[in-house]
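Colleague: Below are the structure tokens for one structure; questions will follow.
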Amino acid sequence: MLRFLLLPALVLTLLPAISAEPAVASKEKKKADYINSRVSSLTPDRIVVYKKVADRELELRFFLPDGWAPTDKRSCFHIIHGGGWGGMDPSRMYPFASDFAKRHGMVGISVQYRLYKPGTTTVFDCVKDARSSVRYVRAHANELGIDPAKIIVSGGSAGGHLAAATALFDGVNEESDDLSVSCRPDALILLFPVIDTSKEGYGNEKIGERWQELSPVHHVRPGLPPTLTFHGTGDITTPFIGAKTFHESMLAAGNRSELDINEGGKHGYLMFEEALYEDTLTKSAAFLRSLQLIDPNKP
């Protein structure tokens, strides 16, 4: 028997009623990789609408750990998909959200955001949505079984950029957001992220002349969340030098930063093979345990 859980101030539904995603062509999504091979077998436990923009509802897709209750104080693994800001959908990151929920007792969330479309939606809009999504979770933590001081934000490629944006771009916010609620994560785990939006990096043409406002490597300062970055030296989409520079700048600013380097790894390398994916999860869990953000007794 299906059981419906009604939480105050939340809009919840149970699957299979998932809203349709924009039909955007994506070469990466067509690849037969390890992550794609798992997506069809994973179904979120709940869907929450965190934001409405015009006639569009944006969702958080929840994966809940065994024994979860809305009164819990669980760590949250909040992950954002990539696709150059204009492709893919939240299902791409379901394995991460599901595995952190099942293996580490966290609340796993995969985030939907408006996709970049020239003349309609900008990268600034994508950033606003990412920041809104974290604010929503923190504001409703007591109803979602989440500890508001244990929110880990992650993302791959452009999603990694949006994850970093939740900590960095304080001047880019939705007008309707309650700015008294912080969207600063308690830790960042960045997967081959867009970290430099200059012409030497990625996304310069999409962002335009205001690119520096949305370039993480150009916004490093003291007091940023502890960050673990995974990047391959063979990445020519989001060049490795950007991740290296970001890491070094973080350390110089007195922040905790770790850079896990995959020699020769191409863009998205850790998504394509099970062994590399599992290595990423193992190292991520160790990083979070060191910060006391997950149960130290969990493997």
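Values quoted throughout were computed directly from the atomic coordinates according to the rules given, and no laboratory measurement underlies them. Here the structure is a predicted model, which is why all the values come from computation and not from measurement. We place every Cβ from the backbone using ideal geometry, glycine too, and count neighbours over all the protein chains shown.
Colleague: Rounded, prolate or oblate for the chain? Axes are the square roots of the Cα gyration tensor eigenvalues, ordered a ≥ b ≥ c, and the cut-off for rounded is a/c under 1.5. Intermediate values should be presented prior to the final figure.
Modeller: Numbers: a/c = 1.32, a/b = 1.22, b/c = 1.09.
It comes out rounded by the Cα gyration axes.
Colleague: Ok, one more. Say the cut-off is 29 Å between C-alpha atoms; which of LYS102/LYS199; LYS73/LYS283; LYS199/LYS266; LYS102/LYS206; LYS51/LYS244 go over it? List each step's numbers first, then the result.
Modeller: Values: LYS102/LYS199 40 Å; LYS73/LYS283 23 Å; LYS199/LYS266 19 Å; LYS102/LYS206 37 Å; LYS51/LYS244 34 Å.
Distance filter (> 29 Å) returns LYS102/LYS199; LYS102/LYS206; LYS51/LYS244.
Colleague: Could you tell me the calculated FRET efficiency between GLU278 and ILE236, based on Cβ-Cβ distance and R0 = 25 angstrom, to the nearest 0.05? Don't skip to the answer; put the middle values down first.
Modeller: Numbers: r = 25 Å, r/R0 = 1.01.
Efficiency at R0 = 25 Å is approximately 0.50.
Colleague: Using a simple spin-label model with points 7 Å from Cα along the Cα→Cβ vector, what separation in nm is obtained for SER180 and ASN142?
Modeller: Placing both labels 7 Å beyond Cα along the Cβ direction yields 1.3 nm.
Colleague: Related question: Can you pull out the trypsin sites (Lys or Arg not before Pro) in the stretch 191-286 that DSSP calls coil and that have at most 15 other Cβ atoms within 10 Å?
Modeller: Working: sites: LYS199, LYS206, ARG210, LYS244, ARG256, LYS266, LYS283; in loops: LYS199, ARG210, ARG256, LYS266.
The qualifying sites are LYS199, ARG210, ARG256, LYS266.
Colleague: Run the numbers on the chain and let me know its relative contact order in percent, using alpha-carbon pairs under 8 Å that are six or more apart. Can you show the working numbers first?
Modeller: Numbers: 619 pairs, mean separation 44.3, N = 299.
In percent, rounded to a whole number, it is 15.
Colleague: While we're on this one: Calculate for the chain the 222 nm mean residue ellipticity that helices alone would give, adding -39,500 (n - 2.57) per DSSP H run of length 4 or more and normalising by residue count, nearest 500 deg cm²/dmol. Walk me through the numbers on the way to the answer.
Modeller: Numbers: 10 runs with 91 residues, N = 299.
That comes out to -8500 deg cm²/dmol.
Colleague: Take peptides 146-156, 185-195 and line them up by average Cβ neighbours within 10 Å, highest first, as a rough protection proxy. Don't skip to the end; give the middle numbers.
Modeller: Numbers: 146-156: 24.0, 185-195: 26.9.
Peptide ranking by packing, descending: 185-195, 146-156.
Colleague: For a Förster distance of 22 Å, can you work out the FRET efficiency between the beta-carbons of ARG289 and ALA252, rounded to the nearest 0.05?
Modeller: Step by step, r from the Cβ atoms, then E = 0.25.
Colleague: Of the peptides 107-113, 134-140, how do they stack up when ordered by the mean number of other Cβ atoms within 10 Å, highest first?
Modeller: Values: 107-113: 28.4, 134-140: 22.7.
Descending mean neighbour count gives 107-113, 134-140.
Colleague: Mind jotting down the distance between the C-alpha centroids of the stretch 86-155 and the stretch 29-79, whole Å?
Modeller: 8
Colleague: Rounded to the nearest 5, what % of DSSP beta bridges with both residues in the chain are antiparallel?
Modeller: 35
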